[in-house]
Amino acid sequence: MKIKTSNIEDTKKLAEIFASCLPSEGAFVSLFGDIGAGKTAFARCVFKALGVREKITSPSFVILNEYKGAKLPQKEHSAAQTAQKELPQKELPQKELPIYHFDLYRLENEGLETIKEELREYSRPGVLTFVEWADFGAGELPYNRLNIKVSYDEEEFNDSRYYEFEPVGAEYKEFVQKISQKVQSEGLLK
Ligand code: ADP
Ligand code: MG
């Protein structure tokens with residue numbers, strides 16, 4: 001699925017849809033694309049949509065930033081379950097997950113060794129991990145993940161950006177399908 005956003009506001013809307021479709025156990029997201037394409041911009045909008053209130057900066061110099069308390073939507077309970085427990089959905093507690101935001105660009109020189117353990121550790125369920133310049137993490141990225149390729153038209157000097165979602169593994173395919181349906185049903189980003 002490839003989506004064109006015409007400006008940063010569109011990217012924000014796409015990020016909000018993305019955040020609302022995230023599985024409750026988190027996700028591993030690898031981002032590809034040139035400098036200035038819009039990888040950090042997208043990550044920032046997703047984290048904000050999940051309720052992160054700290055300042056969200058690019059991890060390009062520090063390689064890894066951590067944030068606490070992404071508020072992820074709960075798995076939907078069936079009507080029967082809800083009736084049995086007499087629990088209205090809105091009273092279900094929200095799950096809070098940690099966020100790990102990597103930028104591997106500088107590892108081109110320093111080597112992947114320096115960050116390998118963290119990358120593995122944050123590939124597990126129960127966390128939300130974003131990796132910019134995932135190209136440099138080859139071999140250390142989990143097989144099941146969502147690749148997002150961010151790009152722009154070199155001839156067009158405007159604010160359009162392309163976000164191409166490539167799921168690997170059944171779970172991530174379902175996640176991208178959900179995003180795609182919501183993008184269409186909300187009539188956004190034609
Ligand atoms: P990267 O992390 O890929 O190097 P950044 O996200 O840091 O890139 O930078 C993208 C820049 O492009 C930001 O200054 C952002 O405001 C700008 N921009 C303009 N239009 C868009 C858009 N449609 N989506 C995302 N960013 C955009
Ligand atoms: Mg960046």
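The values are calculated or read from the model by the stated rules, or taken from the named source; none is laboratory data. No experiment lies behind these values; they were computed from the predicted model shown. Ideal geometry is used to build each Cβ from the backbone, glycine not excepted, and the neighbour counts take in all protein chains shown. Calculation scope for accessible area: heavy atoms of the full protein, side chains included, ligands and nucleic acids excluded. Shrake-Rupley method; radii C 1.70, N 1.55, O 1.52, S 1.80 Å.
Let me confirm something: among Gly169, Gly126, Gly139, Gly187, which residue is open to solvent by 60 Å² or more (accessible area, probe 1.4 Å) and not charged (D, E, K, R)?
Details: Gly169 fails: open to solvent by 60 Å² or more (accessible area, probe 1.4 Å); Gly126 fails: open to solvent by 60 Å² or more (accessible area, probe 1.4 Å); Gly187 fails: open to solvent by 60 Å² or more (accessible area, probe 1.4 Å).
Going through Gly169, Gly126, Gly139, Gly187 in turn, the sole match is Gly139.
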Cβ-Cβ under 6 Å, sequence separation 6+ or interchain: first residue in segment 119-136 and touching a residue at least 12 places away in the same chain (Cβ under 8 Å) and of a type in the set (Val, Ile, Thr), partner within 16 Å of ligand 2 (Cβ to nearest atom) and not in a helix (DSSP H, G or I). Which pairs? Thr129/Tyr100; Val131/Ser30; Val131/Phe102
Hits in segment 39-52 (condition: open to solvent by less than 20 Å² (accessible area, probe 1.4 Å) and assigned to a loop (DSSP other than H, G, I, E, B)): Leu50, Val52
Filter pass, Glu140 being part of a loop (DSSP other than H, G, I, E, B) and closer than 22 Å to Phe61 by Cβ: yes
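Per-residue answers, yes or no, for (1) under 19 Å from Ile3 (Cβ atoms); (2) at pLDDT below 95; (3) within 17 Å of the chain's Cα centre (by Cα); (4) aliphatic (A, V, I, L, M):
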position	(1), (2), (3), (4)
Ala27	yes, no, yes, yes
Ala41	yes, no, yes, yes
Phe61	no, yes, no, no
Ala70	no, yes, yes, yes
Glu76	no, yes, no, no
Ala80	no, yes, no, yes
Ala83	no, yes, no, yes
Can you tell me how many residues within segment 114-124 are modelled with pLDDT under 90, of a type outside the set (A, V, I, L, M, F, W, C) and in contact with a Leu (Cβ under 9 Å, 6 or more places away or on another chain)? 1
Which of the residues belonging to segment 142-161 are open to solvent by 40 Å² or more (accessible area, probe 1.4 Å) and touching a strand residue (DSSP E or B) at 6+ places or on another chain (Cβ under 9 Å)? Tyr143, Asn144, Arg145, Lys149, Ser151, Tyr152, Asp153, Asp159, Arg161
Could you check segment 29-38 and list, in sequence order, the residues that are more than 10 Å from the chain's Cα centre (by Cα) and either more than 8 Å from ligand 1 (Cβ to nearest atom) or open to solvent by less than 10 Å² (accessible area, probe 1.4 Å) (or both)? Phe32, Ala37
